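Read-outs: derived from the displayed coordinates by stated rules, not from any lab. It should be emphasised that the depicted structure is a prediction, and the values quoted were computed from it without experimental measurement. Note that we place each Cβ from the backbone using ideal geometry, even for glycine, and neighbour counts take in every protein chain shown.
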Amino acid sequence: MKKIFLLPVILLIAFSGISQTAKQYLNKGLLRFDQQDYNEAMFYFLKAAEKKPKYAEAYYHMGITRRALDQVINSRTVRHTNKVLQFTPEKTGSEDQNTAKTCVVTDYKAILDSLNEVIKINPQDAKAYFGRGGAKAGLKDYPGAIDDYSTALKISPEYPEANLFRGRVKSHLHDFTGAIADFTEAIRLSPASGTAYLARGDAKNSMGDAAGYQADFEKALAIDPRYKLITYTTDGPVTVSGTTLEIDYYSRAIALNPEYADAYYNRGLARINSNLNHDGCIDLNMAAGLGFKMAEEKIKEYCH
């Protein structure tokens with residue numbers, strides 16, 4: 001009789017991987033993270049979220065893991081890249097452009113001066129205006145950046161990258177309605193642009209449209225599931241901007257747990273790292289208000 005009762009126990013042990021709980025997946029992810037096996041850690045955090053869709057802890061740790069993955073990617077890229085910053089990416093959200101930004105100290109003033117000369121020679125060069133808009137944004141001349149992106153669009157109306165980047169600047173200035181209009185146009189011109197869906201979703205989320213944010217995030221995933229999980233080679237990243245995903249994971253954690261101080265703190269730092277200082281400082285103040293002491297130090301450092 002004992003053997004009869006032992007068989008189900010043996011089978012349960014043998015196939016325990018099939019019936020993992022969300023907490024077990026989370027713990028496996030934490031173990032892999034401690035071992036610096038970040039891709040495996042992300043896999044287990046994603047599995048935890050699949051098991052328990054409203055699992056704020058899983059999304060929070062996805063954000064932390066994204067940051068760790070980016071650090072690995074950037075350290076490898078610095079060793080291997082010899083690329084020069086490209087003014088005009090071949091496609092919306094070009095990772096080559098993002099990669100170059102992380103490993104080259106960008107002299108925006110020199111780029112601006114160079115493109116001024118290009119525009120003098122050919123005032124109808126849409127790509128030159130697009131590139132100069134990026135340089136102006138890098139120099140924090142946001143109205144000038146918007147003007148240049150707008151000029152690029154007047155010259156070349158079907159220019160999804162210009163819509164996307166102008167929308168990003170508008171988002172930075174909290175013109176979310178204008179940003180959404182630009183992102184929507186970028187999507188119309190380039191329906192396979194997951195980056196534009198992500199940007200539009202973030203703008204909707206900033207306006208309190210959680211359902212719209214979720215819908216756009218799901219559309220981005222349908223275009224490319226790698227928006228959910230990073231992969232990389234020794235030559236650098238092959239997917240989208242890591243900071244965008246990191247911020248997104250923290251946002252999902254906060255949506256599930258509005259009093260998640262750690263998530264506000266880390267999202268604030270990620271936003272500041274993306275030159276979204278105003279939004280980042282709001283997050284840091286939220287974290288401080290929820291009793292996260294380290295946030296107070298960062299507020300003194302970044303929020304004047």
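Considering only residues that are under 10 Å from T151 (Cβ atoms) and in a helix (DSSP H, G or I), look in the range 110-132 and name the one that is farthest from the chain's Cα centre (by Cα). Looking at residues that are under 10 Å from T151 (Cβ atoms) and in a helix (DSSP H, G or I), I get I119.
Scanning the range 133-147 for residues that are surrounded by 14 or more Cβ atoms within 10 Å (Cβ to Cβ) and part of a helix (DSSP H, G or I) yields G133, G134, A135, K136, A137, G138, Y142, G144, A145, I146, D147. Within the range 274-304, the residues that satisfy the criterion of being among the small types (G, A, S) and under 16 Å from A263 (Cα atoms) are G280, A287, A288, G289, G291, A295.
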